[in-house]
1. Would you mind finding the one in ALA113, ALA181, ALA177, ALA123 that is in contact with a Ser or Thr (Cβ under 8 Å, 6 or more places away or on another chain), under 30 Å from VAL306 (Cα atoms) and among the small types (Gly, Ala, Ser)?
2. Which one is surrounded by the most Cβ atoms within 10 Å (Cβ to Cβ), of the residues in the stretch 199-221 that are in contact with a Gly (Cβ under 8 Å, 6 or more places away or on another chain) and outside any strand (DSSP E or B)?
3. Write out, first by first residue and then by second, each pair whose Cβ atoms fall under 7 Å of each other, whose residues are 6+ apart or on separate chains, and whose first residue, in the stretch 141-156, is under 14 Å from THR97 (Cβ atoms) while the second is aromatic (Phe, Trp, Tyr) and in a helix (DSSP H, G or I).
4. Only one of these is at pLDDT 95 or above, outside the structural domain of ALA119 (by TED's automatic domain parsing) and not in a loop (DSSP other than H, G, I, E, B): ALA229, ALA151, ALA196. Name it.
5. Using the structure shown, decide if LEU98 is in a helix (DSSP H, G or I), free of Cβ contacts under 8 Å to residues at least 24 places away in the same chain and assigned by TED's automatic domain parsing to the domain that holds LEU16.
6. Residues in the stretch 249-267: is at least one without any contact (Cβ under 8 Å) to a residue 60 or more places away in the chain and either closer than 27 Å to THR160 by Cβ or basic (Lys, Arg) (or both)?
7. Out of GLY27, GLY79, GLY46, I need the residue that is modelled with pLDDT under 95 and surrounded by 20 or more Cβ atoms within 10 Å (Cβ to Cβ). Which one?
8. Would it be correct to say that ARG40 is more than 26 Å from ARG112 (Cα to Cα), surrounded by fewer than 15 Cβ atoms within 10 Å (Cβ to Cβ) and either without any contact (Cβ under 8 Å) to a residue 12 or more places away in the chain or not hydroxyl-bearing (Ser, Thr, Tyr) (or both)?
Amino acid sequence: MKVLVTGAGGFIGAHLLGLLRSQGAIGGRAIDSLVALDHRLDSMAGVITLEGDLACRDIQRRIAQLAPDVCFHLAAVPGGAAEADPLLSRRINLDATLDLFQTLADAAPRGRAPVVVYASTIAVYGSPLPDPVTPATPLRPPMVYGAHKLACEILLTDFTRRGLLDGRSLRLPGIVARPRAPSGLVSAFMSDLMHALAAGEPFTCPVSADATAWWMSARRCVQNLAHAASMDPGNAERAWPLPVLRLSISQVVHTLSRIHAVHGERLVRYSPQRSVEAVFGRYPVLDDRVSRALGLRDDGTPEALVRRALDLGYRDQAAPEPAWA
């Protein structure tokens, strides 16, 4: 089986490559060729690297020559950067993505629709959100990023309806913990909070202590992406939110404090920004029963979330009590 990962040099892409390399298979089928695509990539044992712009015709031609059986499409201009440059977002998040879908469909042997796992976003839902969010919730993305992602969800479903692709769109929540570097994502503060408290450093939070968000570790996220490639969605809808932990900032701070033995309540200063809190701090209950029935999973507990996100292992013993407790 030939597998392509676009955006393989990114935060989630790198985690997914690591998982696929270690598993060596998807749904019991061996991976014969694992191809990573991004602007710049380090050489990796067992991985064929393809460097370039997804919108480039030569890259699309090389993808056609590969004719992958499974494509994980993660490449995207992130939310904040997309809002700042809508034309760039259109070029990559919309036009190049649709070209990729067509390339994959055209290159496939007759009667064998390639599986496409598309990394969409919870930004398709809009703001403010009803409580709860259900499969019937109207999709009203408040930003260019979400609008382009929703358009691609719809068109991937149409490719699937026509038997050209086997599409599966997953709406990713806030994925943690991203490296402490500019990412173009407004939600990056969720990861920055984790890194700061893990290091015992002060942190200024752009949302309030009782702000709620949907959380998932990168490790759990890529496990879900890999599972989505082999699960049987039947005749159901082809776009699903990932199951999430709905946690307030204060719950995450408490968990981090306990695990790292720091006084997070003293280290965190709250300076809510109205625009950030409105979009990233008021997530309601998510009805994700359909996703769970398909075998998709959340992190289980706040402690498991933190430990996976910060690569602290899966120790079962209790974390040490903070020195100030």
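1. Criteria check complete, one pass: ALA177.
2. VAL207
3. LEU155/PHE101; LEU156/PHE101
4. Answer to the check: ALA196.
5. So LEU98 does not fit the description; no.
6. Checking the stretch 249-267: at least one residue is without any contact (Cβ under 8 Å) to a residue 60 or more places away in the chain and either closer than 27 Å to THR160 by Cβ or basic (Lys, Arg) (or both).
7. When all the criteria are applied, what remains is GLY79.
8. yes
The values are calculated or read from the model by the stated rules, or taken from the named source; none is laboratory data. Please read all numbers here as calculations on a predicted model, not as lab measurements. Don't worry about glycine lacking a Cβ; one is built from the backbone with ideal geometry, like all the others, and counts go over all protein chains shown.
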